[in-house]
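Peer 1: My structure is below; once you've seen it, I'll send some questions.
Values in this text are rule-based calculations from the coordinates and carry no lab data. Given the structure is predicted, the values throughout are model-derived calculations rather than measurements. Don't worry about glycine lacking a Cβ; one is built from the backbone with ideal geometry, like all the others, and counts go over all protein chains shown.
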Amino acid sequence: MGKSEVPFIEVKNLKVHYTSEGRKIHAVNQVSFSLQKGETLGLVGETGAGKTTIAKSILRILPEPPARIEDGEIFLEGTDLLKLAEDEMRKIRGRKIAMIFQDPMTALNPVMRVGKQIAEGIALHEKVSAREAEEKAKKMLEMVGIPGSRYRDYPHQFSGGMKQRVVIAMALSCSPDLLLADEPTTALDVTIQAQVLDIIKNLQKEFKTSMIMITHDLGIVAEVCDNVAVIYAGQVVEYGSREEIFDNPLHPYTIGLFGSLPDINSDVERLSPIMGMPPDPANLPGGCAFSPRCPYADETCKNTDVKLDAIDGTHSCRCLHWRRTAQMKAETS
Amino acid sequence: MKRRKLALALAACMMATVVFTGCGSGAKQESTQAAAEPAKEELQSQSNETMGEADTQTAISGGKADSVTVGIMSDPENMGPWSGMSQGRIAVLFTTYEYMITRENGMAYGVLAKNWVQADPKTYQVELYDYIHDAKGNPLTASDIVFSFESAIATKNYGKLSVIDSVTAIDDYNVEFSFNKELEIGEFENIMLECAIVTQAAYEASPDQMATTPVGTSAYLVEKYVPGSEIIMKDTGNYWQTDESLVHGTSVHNVSEIKFSVITEASQHTVALQTGAVDISNGVPDTDISKFGEGGEFSEGNAVGVVLDNLTYDVEYNMSDSSVFKEDENLRFALAYAIDKEGVNIGAFNGNGVTVKDFANATYPDYNPEWDNEEYYDYDVDKAKEYLAQSAYDGRTLRLEYISSGMSEMIAQLLQAYWGQIGVNVELIGYDQMMGQQEQYNADGFDILLKSTGSTDYIVNQWKLCWDARDYREITGGTANFVVDEELDRLMQAALSTDTYGPESIEAFHDYLVEKCYGYGVVEGPINIVHSDKITNVALDIRKQILPGACSYAQ
Amino acid sequence: MWKYIVKRLLWMIPVLLGIAIVIFTIMYFCPGDPAASILGNSATPAAIEEKRIEMGLNRPYMVRLLDYLNQVFLHFDLGTSYFQNQSVMSGILYRLPYTFMIAIICMLLQILIGTPLGITAAVHQNGIADRICMVIALAGVSIPGFWLAMMLVLLFAVRLGWLPPYGVGGLQYFILPCIANAFAGIASQARQTRSSMLEVIRSDYIVTARAKGLSEREILYKHALPNALIPIITVVGNGMGMMLGGTVVIESVFSIPGIGMYTTSAINNRDYPVVMGGVLFLGALFSLIMLLVDVIYAYVDPRIKAQYEGQQKSWKRRKRANG
């Protein structure tokens, strides 16, 4: 999947489940992927597919009683994060890996001043005095387009978009090597989305940060990501570079995702969403998890445990019939 | 689903237990509080009784002690000579002040008064000792008597003093009292006992009208008062009456220091006696008394004195026009014969009280002992049922009203049970002290009243509390329980008037009342005083309060 | 902020006026006669009537009400007790220190024991510490104060003889009453702290803090607790107010002359001035405590402070807009 260099971050066979009311919810089922330094990987999928769980597993900030990392390895520059002691992990959080969350409205501590929340991380990870941390925090605020004079304001004094920018400033304040961005623009209006995305892109370029962008918005993927992993029911169902995925989606789910996008140019009365509902993670169907909804599924799909199949280059697909799909596409175009 | 149902069931059980134990502890609280505050009635009772083998006279010459601690139920709050009645106040009253006279064993003795004479039907003259001084040393003369009485009258706290027309000092040691009517039997003595005496000098010197720093003529002076907590009184060593033979019950001072400890919670009295924090108390709840008596777990070093209270528990029928009892004599008798008085005694007092044969009781000096041999609605269920059959009782529920303090509640329940036995349904209505005092004059509010009444001197004066229509006519049209009966009035007045008072008039009234059955007595209860062996003889005043100074102490 | 405080203080006046009118009316219509109480059980109706006239109890309602309001609000005189020869105010002031001591000590116990207990329970949810904490909380709520007080007396005063069973005096007299009284408070404090913390611990900003790499301890005390404080402070404020009102049961069991006993026995005696004065005093005290609590809120949660100040600002804005 990756190039021959040692990947910056490599997730191998990650398996995570939640226990709720005695039922086991399989959130992540043997997910593997890797990332090079400076690259951006997009994790695409519907809500509940397990994308956030993957990100939180990397940082090991899953709520431990209901959640449990059953199996897998997560290598950061060769070190398995899952085997680290808690205090070692703490040194990595915020420093080497940082996370931006989905809902800016609740991501900030409402009773602590905004500047302090940023400076807190700085003071924790870098051996600087309080004064210096404050200065650095102010600089970060400026970098995301918020005047440094607002250092002493409280979160409720900011709009949603500005709050998200604060969160970004907080995440990047210690120049992390990896940024986990969990749907950072979903909760914002469209006009602000573009702004925030720009800031992320610019900062990423400046600090040479690798990024995992979790999103369900293919537009964002197109703009920001180098590689894409399509997640369905806790599994990677298709993986490839941006070009490979956009030009030649081969998994019926991926095709469906593109298909359900409204096309500006065509005059369509109704959108064509993917039929059916995502599976209940506590009760996954046997065989291919997508088969109940797949228009091309047959008996073998329901019974066989499907593995990722390499197609060419970095492109791989978890479908028994990807060849047939490729052929169908060739015929119709 | 199952788990949820289980959780709900458990929650319901928990709530039920909480409710029931809550009720229980609430009731417990109520009953301990009830036991704790026997009504703020003037426990009018006969003479100065003592317990144990020794009689009154030896109490005076009994052993002395350095100090004693008395547990009392509530704080006196205001120890001034003429302030309103309260439970706490009567507990310390006789130790703090003296009156013109005192009563012992039915006899009146002068304390400040050397002697007195009735000059004419409406005038008395009293001679004082000429060497009286109060606890601070101020000499007391006739003008101080005048001052005390006039001040007391002005407070309007003493209805009995309203018959006084004027009090004048004839000379330094002689006072003349003139009244606006002819006094009845025992009335003069009661008036002499109504007003605490202080010197004008001491009273005016006090910043708060002696509320916290009383100065009487007794041997004791308040040394320390922590409101709500304790009062410490010391023998001044300077008591004015140096002639020992003239020192009577209430003035005896056998102990040098008296500490009154205010203990508001009844069960704490038990604790106090157990730990020895208190030497004597009349506040121990009935349920704990046996612990200190023979064979009880704390009988070592302690003793329980039992004396008959002078309150009688009486039944009074509502005799107003709208009442079922007004015309229905048979119903009145039916209920009277249905009560097993001895049963009530056992049920309420474990047999420690006595049944009575009159509206009042046998402890009065003018009680006729022959009544003990006569019938007095003696328990007879068949007779009761006969009367009931002949009556106009229509099966309705009768309301029995009582003041829910002390044993009244228990007695009311027993009465309810007895009347239930002959087929009369009775509903109980209990009121607190304040409500009860008001509701007893509400003719529509009850059918039967259970009251406890008593007097300090003569039997006729206890009768007077219910049957003297002159006192109640304005409110009820007749006696306290609405009786309009000229013959009753005539007999009552005959028994009270000094001219006609005597065995005959007493007999006449008693017989008439028995015949008419407007009301009758049931039982008389006991008072339990728990004390340590330090005290060999307990002395009580006329209100059955402990007189620490007059007790005798072990040597 | 000052304007807010002043506004609240001014609001207290109509509140107290309302309390005075209500309590006066209740006592007026309450059956029972203080004159009869003063004169005793064997007083004749005539004597009682005379006493009533002397006490001014026969005047019409409005006259007595206006007289009372005039006395309290214009002359700041709470009146004189019918029974004691003492002004109500001095009676209250004499008893306030006792009640205050108990209230303060209990409050401290409540905060110092209850809060850590609740935090521990929340942090170790469903663990041993949580179970123990919840059992203690259940016990505290279920055990009647009266019973607990007597049990403590029997154990420590009677059996062991270490502490006095009742009364007032030095500090040792306050130990048992405070323990008995604080128990329920500690329990409710622990429960409130626990549930408040549990709510907060699930918040997104806690995840953010963790993602920053802060230690659990820092997260707890710098991020979780400050946010959980609002309901906790409310419980403390309420509890303090109620305790200052006087805990009648404890005062009764231990014979402590506090405000609770004062007002309650005044009710039994129909000592109107004391009852009304006591209620008014408590009302004023409670209002002040609530004000204090609300001011503390503002310092704990800046959003609330903004709310208080915003009310003026928006008023000013509207005024300017309307010219």
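Peer 1: With +1 assigned to the C-beta of every Lys and Arg and -1 to the C-beta of every Asp and Glu, and no other charges, what is the dipole magnitude of the range C:88-321 about the Cα centre in debye, to the nearest 20?
Peer 2: I would put it at about 960 debye.
Peer 1: Kindly express, to the nearest 10 degrees and within the range 0 to 90, the angle between helix C:45-55's C-alpha long axis and the longest C-alpha principal axis of chain C.
Peer 2: 60 degrees
Peer 1: Add -39500 (n - 2.57) for each DSSP H run of 4 or more in chain C, then divide by its residues: what number comes out at 222 nm, to the nearest 500 deg cm²/dmol?
Peer 2: So the calculated ellipticity at 222 nm is -24000 deg cm²/dmol.
Peer 1: If you don't mind, there's one more thing I want to ask. Can you spot the lysines whose alpha carbon is less than 17 Å from residue B:64's alpha carbon? Ignore those fewer than 8 places along the same chain.
Peer 2: B:234, B:259, B:534
Peer 1: Quick one: 3J(HN,Hα) in Hz for the range B:494-508, Karplus 6.51/-1.76/1.60 with θ = phi - 60°, rounded, Gly and Pro as x.
Peer 2: Per residue, the Karplus-derived 3J(HN,Hα) values read 4, 6, 8, 6, 4, 6, 9, 5, x, x, 5, 5, 5, 4, 4 Hz.
Peer 1: Please compute the Kirkwood hydrodynamic radius of the range C:88-321 from all pairs of different C-alpha atoms, in Å with one decimal. Can you show the working numbers first?
Peer 2: Values: mean 1/r = 0.0500 Å⁻¹.
It works out to 20.0 Å.
Peer 1: Now a separate question. What do you get for Rg/Rh of the range A:245-332 when both radii come from the Cα atoms and Rh is the Kirkwood radius?
Peer 2: Result for the range A:245-332 is an Rg/Rh of 0.99.
Peer 1: I would also like to ask the following. Over the range A:1-134, what number does the Rg to Rh ratio reach, with both radii from the alpha-carbon atoms and Rh per Kirkwood?
Peer 2: Rg/Rh for the range A:1-134 comes to 1.00.
Peer 1: Further, regarding this structure: Could you pull out the pairs from B:136/B:291; A:201/C:305; A:96/A:139 whose alpha carbons sit more than 31 Å apart here?
Peer 2: From the list (B:136/B:291; A:201/C:305; A:96/A:139), the Cα-Cα distance tops 31 Å for B:136/B:291; A:201/C:305.
Peer 1: Taking R0 as 22 Å, what FRET efficiency do you get between residue B:346 and residue B:380 from their Cβ-Cβ distance, rounded to the nearest 0.05?
Peer 2: The computed FRET efficiency comes out at 0.75.
Peer 1: Related question: Could you tell me the relative contact order of the range A:123-210? Use alpha-carbon pairs under 8 Å, at least six residues apart, and round to a whole percent.
Peer 2: Reported as a whole number, the value is 26 percent.
Peer 1: Got a sec? Which residues in the range B:316-344 would a label at residue B:487 touch, if it sits 7 Å along Cα→Cβ and we count backbone N under 20 Å?
Peer 2: Under cut-off, by backbone N: B:317-321, B:325-334, B:336.
Peer 1: What dipole magnitude, in Debye to the nearest 20, does the range A:71-209 give about its Cα centre under +1 on Lys/Arg Cβ and -1 on Asp/Glu Cβ?
Peer 2: Dipole of the range A:71-209, to the nearest 20 debye: 640 debye.
Peer 1: Which whole-Hz ³J(HN,Hα) couplings does the range A:188-200 yield from phi under the Karplus relation 6.51 cos²θ - 1.76 cosθ + 1.60, θ = phi - 60°, glycine and proline marked x?
Peer 2: 9, 6, 4, 5, 6, 3, 4, 4, 5, 4, 4, 4, 4
Peer 1: Less than 16 Å from a label point 7 Å out along the Cα-to-Cβ axis of residue B:155: which backbone N atoms in the range B:429-468 qualify, by residue?
Peer 2: What the label zone holds, given the 16 Å backbone N cut-off, is no residue at all.
Peer 1: Sticking with this one: About the Cα centre of the range B:309-526, how large is the charge dipole given +1 on each Lys and Arg Cβ and -1 on each Asp and Glu Cβ? Please answer in debye to the nearest 20.
Peer 2: Roughly 520 debye, rounded to the nearest 20.
Peer 1: Still on this structure: Can you give me the long-range amide H partners of residue B:311? Hydrogens built in the peptide plane at 1.01 Å from N, cutoff under 5 Å, separation of 5 or more residues or another chain.
Peer 2: Those lying under 5 Å, H to H, from residue B:311 are B:525.
Peer 1: Work out, in µm²/s and without decimals, the Stokes-Einstein translational diffusion coefficient of the range B:344-422 at 20 °C, 1.002 mPa s, Rh from Kirkwood over C-alpha pairs.
Peer 2: 143 µm²/s
Peer 1: Using a basic spin-label model with each label point 7 Å from the Cα along Cα→Cβ, how many nm lie between residue C:138 and residue B:473?
Peer 2: 7.0 nm
Peer 1: Have a look at the protein assembly as shown and give its Rg and Dmax from the Cα atoms, expressed in angstrom.
Peer 2: Final numbers for Rg and Dmax: 44.1, 144 Å.
Peer 1: Moving on. Taking 8 Å as the Cα distance limit and 6 or more residues as the minimum spacing, I'd like the relative contact order of the range C:164-323 as a percentage. Write down the numbers at each step before the final one.
Peer 2: On the way: 109 pairs, mean separation 35.1, N = 160.
Relative contact order here is 22 percent.
Peer 1: Using DSSP to define loop residues, name the trypsin sites (Lys or Arg not before Pro) in the range B:382-488 whose beta-carbon has at most 12 other beta-carbon atoms within 10 Å.
Peer 2: Taking the range B:382-488 and a limit of 12 other Cβ atoms within 10 Å, the loop trypsin sites (Lys or Arg not before Pro) found are B:396.
Peer 1: Taking R0 as 60 Å, what's the FRET efficiency between residue A:132 and residue B:555 from their Cβ-Cβ distance, rounded to 0.05? Don't skip to the answer; put the middle values down first.
Peer 2: On the way: r = 88 Å, r/R0 = 1.47.
The pair residue A:132/residue B:555 has a calculated efficiency of 0.10.
Peer 1: Put +1 on the Cβ of each Lys and Arg and -1 on the Cβ of each Asp and Glu in the range C:169-246; which of C:219, C:172, C:188 then has its Cα farthest toward the positive end of the dipole?
Peer 2: Projecting each Cα onto the dipole axis, the largest value belongs to C:219.
Peer 1: Using the number of other C-beta atoms within 10 angstrom as an exposure proxy, rank B:206, A:129 with the fewest first.
Peer 2: Lowest count first: A:129, B:206.
Peer 1: So what's the gap between the Cα centers of the range B:124-203 and the range A:289-325, to the nearest angstrom?
Peer 2: Cα centroid to Cα centroid, the span is 118 Å.
Peer 1: Could I ask something else about it? Below 12 angstrom from the Cβ of residue B:226, what's the summed charge of the other residues (Lys, Arg +1; Asp, Glu -1)? It would help to have the intermediate numbers written out before the result.
Peer 2: Details: positive: B:224, B:259, C:95; negative: B:75, B:223, B:230.
Residues close to residue B:226 contribute a combined charge of 0.
Peer 1: Taking the simple approach of a point 7 Å from Cα along Cα-to-Cβ for both residue A:190 and residue A:307, what is their distance in nm?
Peer 2: 4.5 nm
Peer 1: Additional query: Quick one: net charge of residue B:199's neighbours, Cβ under 12 Å, K/R +1, D/E -1?
Peer 2: With Lys, Arg at +1 and Asp, Glu at -1, the neighbours total -3.
Peer 1: If you don't mind, another one. Can you check what the net charge comes to around residue B:273, using other residues whose Cβ is under 13 Å from the Cβ of residue B:273 (Lys, Arg +1; Asp, Glu -1)?
Peer 2: For residues surrounding residue B:273, the net value is -3.
Peer 1: May I ask which residue of B:430, B:365, B:348 lies farthest towards the positive end of the charge dipole of the protein assembly as shown, with charges of +1 (Lys, Arg) and -1 (Asp, Glu) on Cβ and the Cα centre as origin?
Peer 2: In the protein assembly as shown, that residue is B:430.
Peer 1: Per residue of the range B:284-297, in order, report the coupling 6.51 cos²θ - 1.76 cosθ + 1.60 (Karplus, θ = phi - 60°) as ³J(HN,Hα) in whole Hz, putting x for Gly and Pro.
Peer 2: Along the range B:284-297, the couplings run 5, x, 3, 5, 9, 4, 4, 5, 9, x, 4, x, x, 5 Hz.
Peer 1: I would also like to ask the following. At residue A:157 and residue C:303, where each label point lies 7 Å from the Cα along Cα→Cβ, what is the point-to-point distance in nanometres?
Peer 2: Reported label-point gap for residue A:157 and residue C:303 is 1.6 nm.
Peer 1: If a/c stays under 1.5 just call it rounded; otherwise compare a/b with b/c (prolate if a/b is bigger, oblate if not). Do that for chain B, with a ≥ b ≥ c from the square roots of the Cα gyration tensor eigenvalues.
Peer 2: oblate
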